[in-house]
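Beneath this line is the structure, given in structure tokens, with notes to follow.
The values are calculated or read from the model by the stated rules, or taken from the named source; none is laboratory data. Predicted model, so just to flag it, every value in this text is computed and none were measured. Glycine also receives a Cβ, built like all others from the backbone with ideal geometry; neighbour counts cover every protein chain displayed. Side chains are part of the model used for accessible areas, which takes the heavy atoms of the whole protein and leaves out ligands, DNA and RNA. Shrake-Rupley method; radii C 1.70, N 1.55, O 1.52, S 1.80 Å.
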Amino acid sequence: MRPLLLHVGQQFFGDTDSAEDVAQETLMRLWLLRDRIDATVGLEPLAVRMAKNVCVSEWRRRQVRQSVTLHAELPSQEFPHRTLEFREEVERLRQAVARLKPAEQRLFRMRHELEMDIPQISAVTGIGTRSVSAMLSTAKRTLTELLYKKGV
């Protein structure tokens, strides 16, 4: 199965390092979900679909990182005061996250710092995917209230 996944990654990104990452990530996800996979459906089509999803997710992450990098560099070069504002906003977010319930903090960090998706978080924590989604939604709502309505 690995050669097939490498091929999907190679076709999407055009380089072997990214293809290797796609294959490893897909195999890890398949392993984590092994108890829930229906063998009658066929493993190869599922693996290919997952690999394509991994490719799209990685492409989006790269776009966001590139955008953040460009935005983070511009203030320091053209507008030095924006660097200070950016640091203050990061500190406000850190303080707001610290005020979440411990379980919400853990899930929030897994989702946004470790960039895990909801099925991965569910597999690691043993919490159902719907519950993970609900807890993340509650955490985001709380952060929004803390940051914008009440202030931190």
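Quick rundown of the values:
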{"read-out": "Scan of the range 128-149 for residues that are surrounded by 18 or more Cβ atoms within 10 Å (Cβ to Cβ) and closer than 21 Å to Arg36 by Cα, ordered by number", "value": "Val132"}
{"read-out": "Top-ranked residue of the range 106-123 - restricted to ones that are free of Cβ contacts under 8 Å to residues at least 24 places away in the same chain and part of a helix (DSSP H, G or I), ranked as farthest from Cys55 (Cα to Cα)", "value": "Arg106"}
{"read-out": "Matching residues, the range 27-53, being in contact (Cβ under 8 Å) with a residue 40 or more places away in the chain and surrounded by 12 or more Cβ atoms within 10 Å (Cβ to Cβ)", "value": "Arg29, Leu32, Leu33, Leu43, Ala47, Val48, Ala51, Lys52"}
{"read-out": "Qualifying residues in the range 1-26 (those that are among the β-branched types (Val, Ile, Thr) and farther than 22 Å from Ile121 by Cα) - the one most open to solvent (accessible area, probe 1.4 Å)", "value": "Thr16"}
{"read-out": "Some residue of the range 78-85 being among the hydroxyl-bearing types (Ser, Thr, Tyr) and either within 17 Å of Met28 (Cα to Cα) or modelled with pLDDT of 85 or more (or both)", "value": "no"}
{"read-out": "Qualifying residue in the range 102-125 (condition: at pLDDT below 90, surrounded by fewer than 12 Cβ atoms within 10 Å (Cβ to Cβ) and small (Gly, Ala, Ser))", "value": "no"}
{"read-out": "Hits in the range 1-44 (condition: assigned to a loop (DSSP other than H, G, I, E, B) and either within 19 Å of the chain's Cα centre (by Cα) or aromatic (Phe, Trp, Tyr) (or both))", "value": "Leu33"}
{"read-out": "Total residues in the range 1-51, condition in contact with a Cys (Cβ under 7 Å, 6 or more places away or on another chain) and of a type in the set (Gly, Ala, Ser)", "value": "1"}
